[in-house]
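The values are calculated or read from the model by the stated rules, or taken from the named source; none is laboratory data. Not measured: the values here are computed from a predicted model. Heads up, the Cβs are rebuilt from the backbone with ideal geometry, glycines too, and the neighbour counts pull from every protein chain shown.
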Amino acid sequence: MNDYKVFYSPYYYADIGENHVFPIRKFELVRDRLLGEKTLANDEIVEPEPAAVEDISLVHTEDYVARLRGGDLTRQEIRKLGLPWSESLVRRSFLATAGTINAAKSALETGVSSNLAGGTHHAFPDRGEGFCVLNDVAIAIRVLQKERLAERFLIVDCDVHQGNGTAFIFQADETVFTFSMHGEKNYPLFKENSTLDLELPDKTGDKEFLETLSEALPRIFMHDPDIVFYLGGADPYENDKLGRLNLTINGLRARDEMVLNFAKSKNVPIVTTLSGGYAADINDTVEIHCNTIRAVKKIFYQAEKAFANNETTVSG
């Protein structure tokens, strides 16, 4: 599938300190691993331009955006965000948001697209939270609405933390179905109401997680979306420092394949984003994120390639 586009910028990196719990190097490491093993080719990776302020302002307040860009966030706001402010952080946030916007438009044309960042679902209109500066998926949806490219939207959020910012932003928008499947006792302490929240007890493993997700997918796709945004999240992993669930790397890949297969079976375009991941060993986080892209290739590319080869053989 030569039209598969994956959005990435070297400026997805920002200087947040080498010992920060957020593994800011993971974006580059994911890209390097996928290229090195030839899961991705260089011409499939597209570098976005920063998102326009006008697009950011479809979700975020003018005051927040101005103070974010100008470095005027309060100490309390920075503490709640959990990341030190810098110009590189602002640049990275605008670029990662553009990656999701561009991936959404590409998916509408080709059936699937990916951003090697994004899924920053804790950002509210007037503030950032939980390492999330801007809510990229919410902004992408508002852009698609503004440009009349799609009318109905489904967010499948399988990060271990509830997408509280996303739930809040779309609480009065019936065209957007927000689905969050997350750890019941994990961050955030006070949760918002998604269209559907499925809360999992600590230590939930592969079998229970996958069974719960399998039962939920037919229900949430009854929303009849024009496009799906998938927040995979590497943090339900058993060795994640912030996760509290017990999924294996194989279980997380099965999760990805389940969501992607379901969207493909319904002929609904899907966008994948990375979302969270804080494994004790960063290589595990990178591998889990890489598996999402490998699953895209397996389901949307290799199957079609095999079908084309069969047709050639039969016709020949």
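Looking across the stretch 84-125, just one residue is farther than 19 Å from VAL21 by Cα and without any contact (Cβ under 8 Å) to a residue 24 or more places away in the chain, and that is GLU87. Scanning the stretch 275-316 for residues that are among the charged types (D, E, K, R), modelled with pLDDT of 95 or more and surrounded by 12 or more Cβ atoms within 10 Å (Cβ to Cβ) gives ASP284, GLU287, ARG294, LYS297, LYS298.
Note on the stretch 244-258: residues that are out of contact with any Gly (no Cβ under 7 Å at 6 or more places or on another chain) and buried (at least 24 other Cβ atoms within 10 Å of the Cβ) amount to 2. Quick check on the stretch 105-114. Is at least one of its residues assigned to a helix (DSSP H, G or I) and touching a Lys or Arg at 6+ places or on another chain (Cβ under 6 Å)? There is at least one residue in the stretch 105-114 that is assigned to a helix (DSSP H, G or I) and touching a Lys or Arg at 6+ places or on another chain (Cβ under 6 Å). Checked across the stretch 195-206, the condition of being in a loop (DSSP other than H, G, I, E, B), at pLDDT 95 or above and under 20 Å from the mean Cα position of the chain (by Cα) holds for at least one residue.
Going by the conditions given, is VAL268 in contact (Cβ under 8 Å) with a residue 60 or more places away in the chain, in a helix (DSSP H, G or I) and either touching a strand residue (DSSP E or B) at 6+ places or on another chain (Cβ under 8 Å) or on the phi < 0 side of the Ramachandran plot (or both)?
no
The set of residues from the stretch 157-190 being surrounded by fewer than 23 Cβ atoms within 10 Å (Cβ to Cβ), charged (D, E, K, R) and touching a residue at least 12 places away in the same chain (Cβ under 8 Å) comprises GLU184, LYS185.
Any idea how many residues of the stretch 127-145 are among the aliphatic types (A, V, I, L, M), assigned to a helix (DSSP H, G or I) and within 16 Å of the chain's Cα centre (by Cα)? Here the count works out to 5.
Within the bounds of the stretch 256-274, is there any residue that is more than 19 Å from SER180 (Cβ to Cβ) and at pLDDT below 95? For the stretch 256-274, residues more than 19 Å from SER180 (Cβ to Cβ) and at pLDDT below 95: absent.
Among the residues of the stretch 146-172, those that are of a type in the set (D, E, K, R) and under 16 Å from PHE229 (Cα atoms) comprise GLU151, ARG152, ASP157, ASP159.
Under the condition of being within 22 Å of ILE288 (Cβ to Cβ) and of a type in the set (Val, Ile, Thr), which residue from the stretch 92-149 is surrounded by the fewest Cβ atoms within 10 Å (Cβ to Cβ)?
VAL112
So for the stretch 52-72 (the condition being touching a helix residue (DSSP H, G or I) at 6+ places or on another chain (Cβ under 8 Å) and among the acidic types (Asp, Glu)), does at least one residue qualify? Looking for residues that are touching a helix residue (DSSP H, G or I) at 6+ places or on another chain (Cβ under 8 Å) and among the acidic types (Asp, Glu), one finds at least one in the stretch 52-72, hence yes.
Of all the residues in the stretch 198-221, those that are closer than 11 Å to LEU247 by Cα and among the basic types (Lys, Arg) number 2. In the set ASP55, ASP72, only one residue is acidic (Asp, Glu) and surrounded by 15 or more Cβ atoms within 10 Å (Cβ to Cβ); that residue is ASP55.
Evaluation of GLY118 against the conditions (1) more than 25 Å from LEU34 (Cα to Cα); (2) in a loop (DSSP other than H, G, I, E, B); (3) in contact with a Phe, Trp or Tyr (Cβ under 9 Å, 6 or more places away or on another chain) shows that the sole unmet condition is (1).
If you go through the stretch 196-242 and keep only what is buried (at least 18 other Cβ atoms within 10 Å of the Cβ) and of a type in the set (D, E, K, R), you end up with ASP197, ASP206, ASP235, GLU238, ASP240.
Scanning the stretch 225-265 for residues that are within 15 Å of LEU210 (Cβ to Cβ), of a type in the set (A, V, I, L, M, F, W, C) and part of a helix (DSSP H, G or I) yields a count of 7.
Scanning the stretch 44-56 for residues that are in contact (Cβ under 8 Å) with a residue 24 or more places away in the chain and part of a helix (DSSP H, G or I) yields GLU44, ASP55, ILE56.
Please find, among ILE227, ILE220, the residue that is touching a residue at least 60 places away in the same chain (Cβ under 8 Å), within 22 Å of ASP136 (Cβ to Cβ) and in contact with a helix residue (DSSP H, G or I) (Cβ under 7 Å, 6 or more places away or on another chain). Explain how you work it out, then say what you get.
Working: ILE220 fails: in contact with a helix residue (DSSP H, G or I) (Cβ under 7 Å, 6 or more places away or on another chain).
Residue meeting the stated conditions: ILE227.
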